[in-house]
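In what follows, a single structure is set out as structure tokens and then discussed.
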Amino acid sequence: MHVFVCTSGEYCPHDGSAEIHRLLKEGARARGLKHEVRINKSGCLDQCGHGPMVVVYPDDVWYAGVTAERAGRILDEHLAGGRRCADLEFRAAPGANKNPQRMAAIQKVKAGAGPDDAGSL
């Protein structure tokens, strides 16, 4: 399997994608999956505002809003167990699927407004 974690672009990094990448990479190694699963950083996946985004190939399964807890489930259930986490899957039409409200909240924080003004980050 090949797992891509969006760690670039304007939005996923503000939602902790580097930490999700680290957790998935270390978790795969700890579970003995180093030779079965490859965890890589990716460029923007064009799903801005839904991050952190994680995509698992060849299964073509997309996960959005991945937290540390969800990363653990993805590792245990999908990557190690072979069962996709259906309740965590991101289902959207092909192409760009941006979340303008979340993008605006992140832009406020980037412009110097506090998180209280922009919603939870």
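Just so you know, all these numbers are worked out from the coordinates, no wet-lab data involved. Since the structure is predicted, the reported quantities are computational estimates derived from the model, not experimental observations. FYI the Cβ positions are ideal-geometry reconstructions off the backbone, even for glycines, and counts take in every protein chain you see.
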Near L79, within a Cβ-to-Cβ distance under 13 Å, what is the net charge of the other residues, with Lys and Arg +1 and Asp and Glu -1?
+4
Report for region 2-116 the percent antiparallel among DSSP-assigned beta bridges with both residues inside it, nearest 5.
60
Can you pull out the trypsin sites (Lys or Arg not before Pro) in region 1-71 that DSSP calls coil and that have at most 13 other Cβ atoms within 10 Å?
K34
Rounded tilt (10° steps) of 17-30 against the dominant C-alpha axis of the chain
10
Say each of K98 and R83 gets a label point 7 Å from the Cα, pointing the same way as Cα to Cβ; how far apart are those two points in nm?
3.8
Give me, ordered by chain and number, the residues 5 or more places off R38 or on other chains with an amide H under 5 Å from its own placed amide H.
H2, V3
When you have a sec, figure out the Kirkwood radius of region 2-116 from all distinct Cα pair distances and drop it here in Å to one decimal?
14.4
Between R22 and H2, what length in nm is gained on full extension when 0.36 nm per residue of separation is reduced by their alpha carbon distance?
5.7 nm
Roughly how tilted is helix 100-110, in degrees to the nearest 10 and between 0 and 90, from the longest Cα axis of the chain?
70
